[in-house]
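Just so it is clear, none of the values below were taken in a lab; they were calculated from the coordinates. All figures in this text were calculated on a predicted structure; none of them were measured in a lab. Neighbour counts are summed over all protein chains in view; Cβ atoms, including those assigned to glycine, are modelled from backbone coordinates with ideal geometry.
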Amino acid sequence: MDAETLKAVQAPLKQRYRDAPDSAVITLKAEGTVGAEGVSCKVDTGRALVEAGLHPAAGGDGIAACSGDMLLEALVACAGVTLRAVATALNIDLRGGTVRAEGDLDMRGTLGVSKEAPVGFRSIRLTFDLDTDAGDEQLASLLKLTERYCVIYQTLRNPPAAEARIVRS
């Protein structure tokens, strides 16, 4: 896809969202089934069924997907797609590259070993290793706009209000 094609595809959407801001609000959903046995949850990704379980550092066997890994994978996917779209819009030639996310967890928090240890990632690092001849200014713009428009990155940087509840089936 080139910049003109991308702009042509997005232009009517942008106009509709300007004209009717409420039409721009969508609700994404995910659903999983809690396992009757074992410590697992099956999640339908829309493309495949993923079984999530405990990370080996929390007592898992390493067979099921770790939800922490899945969060980083979602960040990599979103950041990669956003980077490619921004590069396309800016006419930056990318011959290829790698997007990598790393996050640090203190397992004492999630296992209840220490109330002082946080539950969740302490830090997350997102790195783009790109094959491009773009100049430093272009790359700075590419990074800035990728950060700005990546949904997962922005959600992590500016957490939304969140709530949890239990309902009976």
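Observations on the structure shown:
- Of all DSSP beta bridges confined to the chain, the antiparallel ones make up roughly 90%.
- The angle separating the long axis of helix 67-89 from the principal Cα axis of greatest extent in the chain is about 0 degrees.
- Positive dipole terminus of region 14-169, leading residue within 150, 54, 83 (C-beta point charges): 150
- For the chain, the tally of Lys pairs with Cα-Cα distances below 25 Å comes to 4, considering only residues 8 or more apart or on different chains.
- Local net charge near residue 90, Cβ-Cβ under 12 Å (Lys/Arg +1, Asp/Glu -1): 0
- Rg(Cα)/(2.2 N^0.38 Å) for region 78-169, N = residue count: 1.45
- Segment residue 113-residue 141, length gained on full extension (0.36 nm per residue, minus Cα span): 5.8 nm
- Principal-axis tilt of helix 3-19 within the chain, Cα atoms, nearest 10 degrees: 70
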